[in-house]
Structure formats: structure tokens, C-alpha cells
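First up is the structure itself, then whatever we jot down about it.
Quick note: the coordinates plus some simple rules give every number you see, no bench work behind them. Bear in mind that the values here come from a model prediction, so they are computed numbers and not experimental data. Cβ: placed from backbone, ideal geometry, glycine included. Neighbour counts: every protein chain shown.
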Amino acid sequence: MSKNQKLKASPFAQTFFHGTKVELEVGGLIEVGHNSNFEEGKKAKYIFLTATLDAAIWGAELSLGKGPERIYVVEPTGPIEDDPDLTDNRFPGNPTKSYRSVHPFKVVGEVTGWKGHSAEQIQEMKQGIAKLKEEGIGSLNN
């Protein structure tokens, strides 16, 4: 490279994931107003994504429904904000890199071949969530 040439910086593209048991089409949109993944009989006021595969796996494993667990690669179409259930209101910072939005997410791909948590880990997580509900500690996303 000569002294007069400059390196062009390429923008860093963050990858985001969405875990669910709903079958989605690549190119389709995930939007608010559909059934919540986590609260039976409720329509979703927000949709969620994460920058970590592990958090997306938890989302798929803990979501309602009978279908197979799925992880999608998504792109937000508008602003996103920290998910208050998993950030400073409950945990310092945003360790799971979990976010919410009222703007659609475009499905750009599906992650296959991922390994889920053990049955014991899933059961422990579900028991922990049930205990919080018993104590009257619900989602901050309502």
C-alpha cells in the first residue's frame, strides 16, 4: 500500500438473534401484536432480540408452544433498547446483550446445529421464573 492510500473502515455489523418456537420465513418480519412467547393469552407489546447465541437459545427453550425450538438471525428495522427484565433494573449492565423494540425485525436467516441447555438447567430456570411469579415479581415488559 502506498503512503497516499488510506484504509477504508468498513462498518461493523452486529449480529442479532431471536429464539422462539414459531416457524418463520427468511425475508419475513417479526412484529408486535402477535401472541407473546412467554405469557399465555397476551399479545406482545415488544419484540426481543439478543446479540448472544446463548440468550437466544434460552428464549427458544423457554418460549411457549409445542413446535421445535428455533434461532433466527434478525435485523432490527428501527431503534432497539435494553430489555429491562435483563438489564440494570434486574442485573448490572446488559450481560446477555438483550434488547426490545416496537419496530419489526427482518428475518435474514436461521441458525441450525446449535446445542441447547441440559434438561436440568431448563428445569432450574423454569423453577426460578415460577418462584419470581409467586413472589409477585413479574416482567417489566408489560
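What is the local net charge at Thr15, summed over the other residues whose Cβ is closer than 12 Å to its Cβ (Lys, Arg +1; Asp, Glu -1)? Within the 12 Å Cβ shell, the charges total 0. Computed from phi, the 3J(HN,Hα) profile of segment 64-73 under the Karplus parametrisation 6.51, -1.76, 1.60 (θ = phi - 60°) reads 6, x, 10, x, x, 6, 9, 10, 10, 8 Hz, with x in place of Gly and Pro. Whole-Hz Karplus values for segment 111-125 come out as 8, 10, x, 7, 10, x, 7, 5, 4, 5, 4, 5, 4, 4, 5 Hz, taken residue by residue from phi with 6.51 cos²θ - 1.76 cosθ + 1.60 and θ = phi - 60°; glycine and proline positions read x.
Nothing charged except the Cβ atoms of Lys and Arg (+1) and of Asp and Glu (-1): what's the magnitude of the dipole of segment 21-63 about its Cα centre? Round to the nearest 20 debye.
Values: 4 positive and 7 negative charges, 40 e Å.
Its charge dipole is roughly 200 debye.
In percent, rounded to a whole number, the relative contact order of segment 16-134 is 33, using alpha-carbon pairs under 8 Å and six or more apart. In terms of its C-alpha gyration tensor, segment 16-134 comes out rounded, because the ratio a/c of the largest to the smallest axis stays below 1.5.
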